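A.B. asks: Below is the structure I would like to discuss, written out as structure tokens.
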Amino acid sequence: MSAVLADTAASRYVPSHIAGNPATLTPLQRELIARVSALGPRWAERAERYDREATFPFENYDDLRTSGLLGICVPTEYGGLGADFATYVMVAAEIGRWCGATALSFNMHVCSCMWSGFIADALDMTPEQRADHARIRAIHYERIVKQGQVYAQPFSEGGAAAAGAAPWGTVAKKVDGGYVISGKKIFASLAGAADWYGVLCTLERPGAEGRGTRRDSMYLAVPANAPGVSVFGDWDPLGMRGTVSRNLLFKDVFVPEDARLMPEGLYFQAATRFPHMFATLSPTYLGVAQAAYDFTVQYLRAEVPGMPPVKRRMYPTKQYAVAEMRIKLEATRALFLQNARDATLDPDKDTRMRLYAAHYTIMENANDLCRLAIRTCGGQSMLKSLPLERLYRDSRCGSLMLPWTAELCMDRLGRECLYEAGEKDEAIEA
Ligand SMILES: Cc1cc2nc3c(=O)[nH]c(=O)nc-3n(C[C@H](O)[C@H](O)[C@H](O)COP(=O)(O)OP(=O)(O)OC[C@H]3O[C@@H](n4cnc5c(N)ncnc54)[C@H](O)[C@@H]3O)c2cc1C
């Protein structure tokens with residue numbers, strides 16, 4: 001078994017709370033984070049095996065199920081824990097601290113509840129749509145809360161759609177009693193492990209010309225065992241190996257009308273009016289960053305279980321290096337917390353810019369903190385028997401994730417820095 005950070009029994013080092021000063025948290029936030037902290041050590045212990053085998057952390061999901069956390073963002077009136085955005089992202093970061101792959105894949109599941117839950121509640125709907133949505137989401141939430149079922153979120157297609165630059169290539173046709181879905185998704189975390197796939201697709205309107213626009217986006221729940229659904233492709237990536245993000249094919253898959261996780265047209269409204277919905281991938285990486293920092297402190301104090309008790313903390317270079325890491329971690333956490341509490345419908349421009357800055361910073365700094373951790377601890381720290389090299393590989397994945405890769409955050413931020421709404425540049429005559 002590999003050494004893990006979990007066993008702090010022999011150490012006087014107390015890792016910091018993932019959400020900063022716990023006194024600033026709500027009772028629910030404190031309680032849910034503590035629930036995860038209690039489960040975390042066993043997840044950290046299992047993480048090496050899932051990573052080595054690139055297999056899905058089913059046992060961790062059993063823990064999430066029995067602890068009620070599968071329903072973290074299911075509204076309380078539907079039997080869930082009723083976490084809001086800030087609460088969820090703090091809990092997600094704590095999960096990431098113990099197992100990055102569990103946190104990242106869990107986020108895909110939780111999106112199915114957040115998007116259909118407090119985000120949908122904040123959006124405009126007709127009274128009929130709202131009533132219909134309440135009826136349908138009750139079915140969806142019951143699967144999660146009562147039956148312990150899990151949702152994946154196939155979004156990426158390998159083209160421009162996942163970056164928000166084109167309509168989904170996966171299409172849904174309206175037919176009697178429901179929809180027929182066809183298309184391909186890549187990199188679907190929980191492929192082969194989830195009970196349901198929450199598929200983003202474009203609704204083809206009968207008689208309409210063309211394929212539909214981004215406004216025609218639909219979010220539909222497809223049973224993993226429905227005829228026409230298949231998982232394909234290898235899974236042997238650099239990091240986040242336990243997410244098992246294989247490809248999915250949907251070939252004329254029929255789903256009934258109550259497969260709608262959001263009413264027709266609502267996903268586009270959510271994506272344009274509640275941009276924080278795309279910032280739930282980064283909390284995982286704050287957790288990974290915290291884990292790398294904690295490992296470094298324990299390593300320099302010679303308190304990593306299984307390692308010879310050789311202290312390195314007395315060298316000024318190590319103290320300087322760990323101070324640099326702490327500054328980076330605190331700066332990252334500060335932006336994370338600000339962003340967690342900022343989430344709102346129709347955020348103003350400053351809030352949106354802080355959101356891009358926070359998401360970018362968390363993803364990039366997580367990788368940098370892992371790099372610094374290895375440099376500071378030294379050669380022995382990157383052995384496969386220790387968790388640091390896995391944290392390093394996992395952290396590399398963050399800024400590649402659509403729709404907001406590090407590059408796309410920079411694109412958006414750069415534009416917003418220099419242009420006010422409606423401004424265009426005049427063409428310069430040659
Ligand atoms: C561990 C892991 C788990 C994942 N899980 C899921 C999941 O559960 N569901 C899911 O749907 N996806 C998931 N993804 C996929 C992820 O979000 C990306 O879609 C995927 O990494 C994109 O890979 P790509 O090479 O096709 O990107 P490309 O589309 O080829 O983009 C490559 C880069 O080009 C840039 N780029 C792309 N489009 C534009 C544009 N319009 N303008 C400017 N620059 C652009 C971006 O910076 C991007 O990083 C996962 C990825 C990883 C690594």
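A.B. asks: May I ask you to list the residues in region 218-245 that are under 17 Å from E257 (Cβ atoms) and either acidic (D, E) or buried (at least 18 other Cβ atoms within 10 Å of the Cβ) (or both)?
C.D. replies: If the condition is that a residue be under 17 Å from E257 (Cβ atoms) and either acidic (D, E) or buried (at least 18 other Cβ atoms within 10 Å of the Cβ) (or both), then M218, Y219, L220, A221, V222 are the ones that fit.
A.B. asks: Which members of region 258-277 meet the condition of being part of a helix (DSSP H, G or I) and charged (D, E, K, R)?
C.D. replies: Answer for region 258-277, where residues must be part of a helix (DSSP H, G or I) and charged (D, E, K, R): D258, R273.
A.B. asks: Considering only region 137-156, I want to know if a residue exists there that is in a strand (DSSP E or B) and closer than 27 Å to G80 by Cα.
C.D. replies: Checked against the condition, which is being in a strand (DSSP E or B) and closer than 27 Å to G80 by Cα, region 137-156 yields at least one hit.
A.B. asks: Do we find that A172 is in the same structural domain as F250 (by TED's automatic domain parsing) and touching an Asp or Glu at 6+ places or on another chain (Cβ under 8 Å) in this structure?
C.D. replies: yes
A.B. asks: Say we look at region 67-121 and pick out the residues that are within 16 Å of the ligand (Cβ to nearest atom) and free of Cβ contacts under 8 Å to residues at least 60 places away in the same chain; which of these is surrounded by the most Cβ atoms within 10 Å (Cβ to Cβ)?
C.D. replies: So, considering only residues that are within 16 Å of the ligand (Cβ to nearest atom) and free of Cβ contacts under 8 Å to residues at least 60 places away in the same chain, the one surrounded by the most Cβ atoms within 10 Å (Cβ to Cβ) is C113.
A.B. asks: Taking A334 as meeting all but one of (1) at pLDDT 95 or above; (2) aliphatic (A, V, I, L, M); (3) within 25 Å of F268 (Cα to Cα), write down the number of the exception.
C.D. replies: Condition (3) is where A334 drops out.
A.B. asks: Looking at (1) surrounded by 18 or more Cβ atoms within 10 Å (Cβ to Cβ); (2) at pLDDT 95 or above; (3) more than 16 Å from the ligand (Cβ to nearest atom), which one does Y419 not meet, given that it meets all the others?
C.D. replies: (1)
A.B. asks: Output the residue which, of all residues in region 122-161 that are among the basic types (K, R) and within 27 Å of L104 (Cα to Cα), is nearest to the ligand (Cβ to nearest atom).
C.D. replies: Looking at residues that are among the basic types (K, R) and within 27 Å of L104 (Cα to Cα), I get R143.
A.B. asks: Here is a further query. Which of (1) within 14 Å of the ligand (Cβ to nearest atom); (2) on the phi > 0 side of the Ramachandran plot does D252 not meet, given it meets every other one?
C.D. replies: Among (1) within 14 Å of the ligand (Cβ to nearest atom); (2) on the phi > 0 side of the Ramachandran plot, D252 violates only (1).
A.B. asks: So for region 402-424 (the condition being outside any helix (DSSP H, G or I), of a type in the set (A, V, I, L, M, F, W, C), under 26 Å from G100 (Cβ atoms) and within 17 Å of the chain's Cα centre (by Cα)), does at least one residue qualify?
C.D. replies: Yes, region 402-424 contains a residue that is outside any helix (DSSP H, G or I), of a type in the set (A, V, I, L, M, F, W, C), under 26 Å from G100 (Cβ atoms) and within 17 Å of the chain's Cα centre (by Cα).
A.B. asks: Something else: May I ask you to list the residues in region 298-336 that are of a type in the set (A, V, I, L, M, F, W, C) and within 30 Å of R354 (Cα to Cα)?
C.D. replies: Within region 298-336, A321, V322, A323, M325, I327, L329, A331, A334, L335, F336 qualify.
A.B. asks: Of all residues in region 400-411 being more than 8 Å from the ligand (Cβ to nearest atom) and free of Cβ contacts under 8 Å to residues at least 60 places away in the same chain, which is surrounded by the fewest Cβ atoms within 10 Å (Cβ to Cβ)?
C.D. replies: M410
A.B. asks: I'd like to know if region 347-357 contains one or more residues that are outside any helix (DSSP H, G or I) and closer than 23 Å to V89 by Cα.
C.D. replies: yes
A.B. asks: Just need a number here: residues in region 162-207 that are within 16 Å of the ligand (Cβ to nearest atom), touching a Gly at 6+ places or on another chain (Cβ under 9 Å), closer than 29 Å to F56 by Cα and in a strand (DSSP E or B).
C.D. replies: Within region 162-207, residues that are within 16 Å of the ligand (Cβ to nearest atom), touching a Gly at 6+ places or on another chain (Cβ under 9 Å), closer than 29 Å to F56 by Cα and in a strand (DSSP E or B) number 8.
A.B. asks: Okay, next question. Can you name the residue in region 130-179 that is at positive phi and at pLDDT below 95 and is also surrounded by the most Cβ atoms within 10 Å (Cβ to Cβ) among such residues?
C.D. replies: Going through the qualifying residues, I end up with G164.
A.B. asks: Six or more apart or on different chains, Cβ under 7 Å: which pairs go from a residue in region 322-339 that's touching a residue at least 60 places away in the same chain (Cβ under 8 Å) to one that's crowded, with 21+ Cβ neighbours inside 10 Å and outside any helix (DSSP H, G or I)? Could you list them?
C.D. replies: These pairs meet every condition: L337/A19; N339/A279.
A.B. asks: Given the criteria more than 14 Å from the ligand (Cβ to nearest atom), buried (at least 20 other Cβ atoms within 10 Å of the Cβ) and of a type in the set (G, A, S), does A357 qualify?
C.D. replies: In short, no.
A.B. asks: So, V288, is that one part of a helix (DSSP H, G or I), in contact (Cβ under 8 Å) with a residue 24 or more places away in the chain and within 16 Å of the ligand (Cβ to nearest atom) or not?
C.D. replies: Spelling it out, V288 is indeed part of a helix (DSSP H, G or I), in contact (Cβ under 8 Å) with a residue 24 or more places away in the chain and within 16 Å of the ligand (Cβ to nearest atom).
A.B. asks: Answer with yes or no whether R211 is in the same structural domain as F58 (by TED's automatic domain parsing) and touching a residue at least 12 places away in the same chain (Cβ under 8 Å).
C.D. replies: Against the criterion (in the same structural domain as F58 (by TED's automatic domain parsing) and touching a residue at least 12 places away in the same chain (Cβ under 8 Å)), R211 does not qualify.
The values are calculated or read from the model by the stated rules, or taken from the named source; none is laboratory data. Note that the structure is a prediction, hence the values are computed from the model and not measured. Because the Cβ atoms are built from the backbone with ideal geometry, glycine has one as well, and the counts that use them run over all protein chains shown.
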